[in-house]
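Heads up: the structure comes next, in structure tokens.
Read-outs: derived from the displayed coordinates by stated rules, not from any lab. Everything numeric in this text was worked out from a predicted model, so none of it was measured. No Cβ is skipped: glycine too gets one built from the backbone with ideal geometry, and neighbour counts run over all protein chains shown.
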Amino acid sequence: MKELISAEKISKRIKAIARKINRDYKGKQPIFIGVLNGSFILIADLVRELKVDCEIDFIKLSSYGDEKISSGEVKLLKELNCQIKGRDIVLIEDIVDTGLSVSYLRKLILKEKPASLRFVTLLYKKDICKIDFEIDYIGFEIENEFVIGYGLDFAQKYRNLKAVYVLQE
């Protein structure tokens with residue numbers, strides 16, 4: 001594997017995103033929804049940098065299984081445990097590549113009529129993403145390579161790495 005983004009760069013970028021979120025949600029109490037399993041490290045590091053009061057919940061989807069290529073079908077594996085109607089929602093993803101998962105989540109959450117919905121992602125593959133809305137807080141734009149570490153896995157391995165790496169054949 002080849003290091004793509006160091007732990008130090010990730011930490012600095014998360015602090016910068018947290019500063020923006022603190023400004024955007026001053027006086028509010030948003031619900032941060034992490035998409036499992038990949039976002040658990042990002043959400044933990046991000047909320048520890050926040051000054052705003054917030055709630056945390058998790059949702060779990062599957063579109064990859066143990067493969068490197070998405071199946072093209074999103075399955076809901078764990079539903080939310082919170083009421084989101086009228087609330088400010090911040091959805092946290094580890095990576096947005098094709099946009100299939102965030103598009104699915106956007107439709108699912110907007111049905112519940114939140115006050116607002118914004119998206120955070122550590123990694124964004126802008127060149128292959130096919131969405132018709134903005135990702136509000138982006139850590140890093142990356143090329144279309146298969147990456148691991150900092151919550152991202154391959155066959156449930158490598159999530160514990162502190163940096164982001166390109167998995168090489």
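Here are the numbers for the structure shown:
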read-out: Per-residue Cβ neighbour rank within 10 angstrom, fewest leading, Tyr165, Tyr104; value: Tyr104, Tyr165
read-out: Calculated FRET value between Lys157 and Lys15, using beta carbons and R₀ = 25 Å, to 0.05; value: 0.35
read-out: Long-range HN-HN contacts of Leu152 with modeled amide H, under 5 Å; value: none
read-out: Alpha-carbon centroid distance for the pair the stretch 1-55 / the stretch 72-134, whole angstrom; value: 15
read-out: For the stretch 2-17, Karplus couplings with θ = phi - 60° (6.51, -1.76, 1.60), whole Hz, Gly/Pro x; value: 10, 5, 9, 9, 6, 4, 5, 5, 4, 4, 4, 5, 5, 4, 5, 5
read-out: Rounded to the nearest 20 debye, dipole of the chain from Cβ charges on Lys, Arg, Asp, Glu; value: 640
read-out: The chain: C-alpha gyration tensor shape, a/c 1.5 cut-off, then a/b vs b/c; value: oblate
